[in-house]
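The values are calculated or read from the model by the stated rules, or taken from the named source; none is laboratory data. The structure displayed is predicted, hence computed values, not measured ones. Cβ atoms come from the backbone with ideal geometry, glycine included; neighbour counts cover every protein chain shown. What goes into the accessible areas is simple: the full protein's heavy atoms, side chains included, and nothing from ligands, DNA or RNA. Shrake-Rupley method; radii C 1.70, N 1.55, O 1.52, S 1.80 Å.
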Amino acid sequence: QVQLVESGGGLVQAGGSLRLSCAISGSFFSIYTVDWHRQAPGNERELVASISPGGSTTYKDSVKGRFTISRDNAKNTVYLQMDSLKPEDTAVYYCKAVRLGNVYWGQGTQVTVSS
């Protein structure tokens, strides 16, 4: 059974930073593609950042230069470093892992940025 557990969310002032973590249980972590998605109230869930098994990264345009996704294969963990946070970054952030066509989601962690 694959489980994803997110942590690191919270309340921060605009301009501040948070680091989210996504710990993935089970084997074969190194061959997962892992994404961070977010969903604000009344909005659809959207892709924020993605990291491939080889470490290639992609970002939503509005977070480029502010967010950094990374992975530590020894710890089975993917991180999302979020700097220069804005109120519009407020959302529940979800981790998603994909391997061999199977998709797994975490339960989400709330990020609230106050102005």
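The Cβ shell under 14 Å around Glu88 holds other residues with a net charge of +1, Lys and Arg each +1, Asp and Glu each -1.
Magnitude of the charge dipole for region 2-115, about its Cα centre and with charges confined to Cβ atoms of Lys, Arg (+1) and Asp, Glu (-1), is about 180 debye. Taking amide H as placed 1.01 Å from N in the peptide plane, Gly108 has its amide H under 5 Å from the amide H of Glu6, Cys95, each at least 5 places away in sequence or on another chain. Karplus-based coupling profile of region 93-107, in residue order and whole Hz: 9, 10, 9, 10, 10, 10, 8, 6, x, 8, 10, 10, 10, x, 8, with θ = phi - 60° in 6.51 cos²θ - 1.76 cosθ + 1.60 and x standing for Gly or Pro. The portion of the accessible surface of the chain made up by carbon and sulfur, rounded to a whole percent, is 48 (1.4 Å probe; DNA, RNA and ligands excluded). Ranking of Lys60, Lys96 by solvent-accessible surface, largest first: Lys60, Lys96 (1.4 Å probe, protein heavy atoms only, all chains present). Sequence-ordered 3J(HN,Hα) estimates for region 58-67 from the Karplus curve with 6.51, -1.76 and 1.60 and θ = phi - 60° stand at 9, 9, 5, 4, 6, 10, 4, x, 10, 10 Hz, glycine and proline given as x. Annotation: amide H-H contacts under 5 Å for Gly10 (H modelled 1.01 Å from N, sequence separation of 5 or more, or interchain): Val111, Thr112. Annotation: lysines with alpha-carbon distance below 20 angstrom to Lys96 (same-chain offsets under eight excluded): Lys60, Lys64, Lys75.
In the chain, Cα pairs under 8 Å separated by at least six residues give a relative contact order of 36 percent.
Its relative contact order, with pairs defined as Cα atoms under 8 Å and 6+ residues apart, puts region 15-56 at 33 percent.
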